[in-house]
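For reference, the structure is listed below as structure tokens.
The values are calculated or read from the model by the stated rules, or taken from the named source; none is laboratory data. What you are looking at is a predicted structure, and each value in this text was computed from that prediction instead of being measured. Please note: Cβ atoms are built from the backbone with ideal geometry, for glycine as well, and neighbour counts cover all protein chains shown.
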Amino acid sequence: MILSNAIRVENDFSILAFNTVLDYRWDAEFVFLGEQHDFWEIVYVLSGEVECAEDERVYQLRAGEMLLHAPMEFHKIRSAANTEPHLYVLTFAARGALPDSLKDGIFCLSDTDRERYEAFFKELHSLYVDGQTGEDPKRYCAFELASFLFRLALKGKPASNYSHELTAKEYRRAVNAMQQGLYDNLTLAQIAATCHISISYLKVLFARYAGISPKAYYSKMRYNEALNLLKKGLSAAEVAARMNFSSPNYFSVFMKRYAGLPPAKFVKRL
């Protein structure tokens, strides 16, 4: 019997694999210079405080708070507020799209959610530390995580909790200027001028929050945009012209530096 007023619930993502399950205790001076990868990462703080930079956003996380890094988001983390933080960091691969509400902002977990997530993490961590290879316990953990994330998403958008430090605001402004000028082939002088800061100070901001130079960060942004245009079917010459590269030949050199392939071979592989 099918009820006419039945509610259809769609959950179009599932956990495919756990990549790393890490229990970290850092000193007050710890800094991780940053990374970018094609899987999800969950940062959960048990005690102390950390500062997380995620693309142009800079967050301050305290005990009981959680942040999710989506695939291909560049992120960096450091100890904050002169504390020695204790964190659980979990990375995993997923099939399908996780809800958008999980991608930006910090979740302040309730006592119930904290207890549930910490118990789940300890169980998963023990499986990996003990080297258990059975599929059933890991399958159960995958179901538990998917269920936890689904319930978290239903609670709505997380809090922004952006860092209020002046340097964090200036960093966000610089990354936004780069985003606005993706097609303009900006120089560092133009980016600094847009933000009303010096080139040397621009380099200081990116050393702190990105772990790479502003030139490298901007080049990576332009590379990702060029990839998107190639995937949409534009030719290498069209992308080079649209993104104001000095010549198609230079665009080919640029793509080979980052993708390991010239545009023509990359398009064939697509």
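For the range 70-99, enumerate the residues that are under 13 Å from the mean Cα position of the chain (by Cα) and among the charged types (D, E, K, R).
E73, K76 - these are the residues of the range 70-99 that are under 13 Å from the mean Cα position of the chain (by Cα) and among the charged types (D, E, K, R).
In this structure, does A119 turn out to be within 26 Å of K138 (Cα to Cα), within 17 Å of the chain's Cα centre (by Cα), surrounded by fewer than 17 Cβ atoms within 10 Å (Cβ to Cβ) and of a type outside the set (S, T, Y)? It would help to see each step written out before you state the result.
On the way: within 26 Å of K138 (Cα to Cα): yes; within 17 Å of the chain's Cα centre (by Cα): no; surrounded by fewer than 17 Cβ atoms within 10 Å (Cβ to Cβ): yes; of a type outside the set (S, T, Y): yes.
Criteria not met by A119.
Do we have I191 as within 21 Å of the chain's Cα centre (by Cα), β-branched (V, I, T) and surrounded by 14 or more Cβ atoms within 10 Å (Cβ to Cβ) here? Outline the logic, then answer.
Details: within 21 Å of the chain's Cα centre (by Cα): no; β-branched (V, I, T): yes; surrounded by 14 or more Cβ atoms within 10 Å (Cβ to Cβ): yes.
Taking the combined requirement at face value, the residue does not satisfy it.
Would you check which residues across the range 231-257 are aliphatic (A, V, I, L, M) and surrounded by fewer than 20 Cβ atoms within 10 Å (Cβ to Cβ) and list them?
Those that are aliphatic (A, V, I, L, M) and surrounded by fewer than 20 Cβ atoms within 10 Å (Cβ to Cβ): L234, A237, A241, M243, V253.
Among the residues of the range 194-210, write down those that are buried (at least 20 other Cβ atoms within 10 Å of the Cβ) and within 19 Å of the chain's Cα centre (by Cα).
If the condition is that a residue be buried (at least 20 other Cβ atoms within 10 Å of the Cβ) and within 19 Å of the chain's Cα centre (by Cα), then L205, F206, Y209, A210 are the ones that fit.
Please list, ordered by residue number, the helices (runs of 4 or more DSSP H) wholly in the range 163-265 having 1 or more residues that are of a type in the set (K, R). If you could, list the steps in order and put the result at the bottom.
Details: elements: 166-180, 188-195, 199-209, 214-231, 236-242, 248-259.
Correct list: 166-180, 199-209, 214-231, 236-242, 248-259.
Looking at F30, F74, which one is buried (at least 17 other Cβ atoms within 10 Å of the Cβ) and among the hydrophobic types (A, V, I, L, M, F, W, C)?
F74
Pick from R57, R62: which is within 23 Å of A174 (Cβ to Cβ) and surrounded by 17 or more Cβ atoms within 10 Å (Cβ to Cβ)?
Numbers: R62 fails: within 23 Å of A174 (Cβ to Cβ).
Every option except R57 fails the conditions.
Working only within the range 77-102, note down all residues that are crowded, with 18+ Cβ neighbours inside 10 Å and either on the phi > 0 side of the Ramachandran plot or at pLDDT below 90 (or both).
A94, L98, L102
Scan (1) at pLDDT 90 or above; (2) in a loop (DSSP other than H, G, I, E, B); (3) of a type in the set (K, R) for the single condition R114 breaks and write down its number.
(2)
Do the conditions hold for Y128, that is, is it in a strand (DSSP E or B) and farther than 18 Å from G34 by Cβ? Break it down stepwise before answering.
Numbers: in a strand (DSSP E or B): no; farther than 18 Å from G34 by Cβ: yes.
When the stated conditions are applied, Y128 does not pass them.
With the structure loaded, tell me whether R173 is modelled with pLDDT under 90 and within 29 Å of I106 (Cα to Cα) or whether it fails that test.
Details: modelled with pLDDT under 90: no; within 29 Å of I106 (Cα to Cα): yes.
The answer is no for R173.
Modelled with pLDDT of 85 or more and more than 29 Å from A207 (Cβ to Cβ): is that true of F18 in this structure?
On the way: modelled with pLDDT of 85 or more: yes; more than 29 Å from A207 (Cβ to Cβ): yes.
In short, yes.
Enumerate the pairs (first residue in the range 98-111 and more than 14 Å from I42 (Cβ to Cβ); second residue anywhere and not in a helix (DSSP H, G or I)) with beta-carbon separation below 6 Å, excluding pairs fewer than 6 apart on the same chain, so at least 6 apart or on different chains.
The qualifying pairs are S101/K157; C108/E65.
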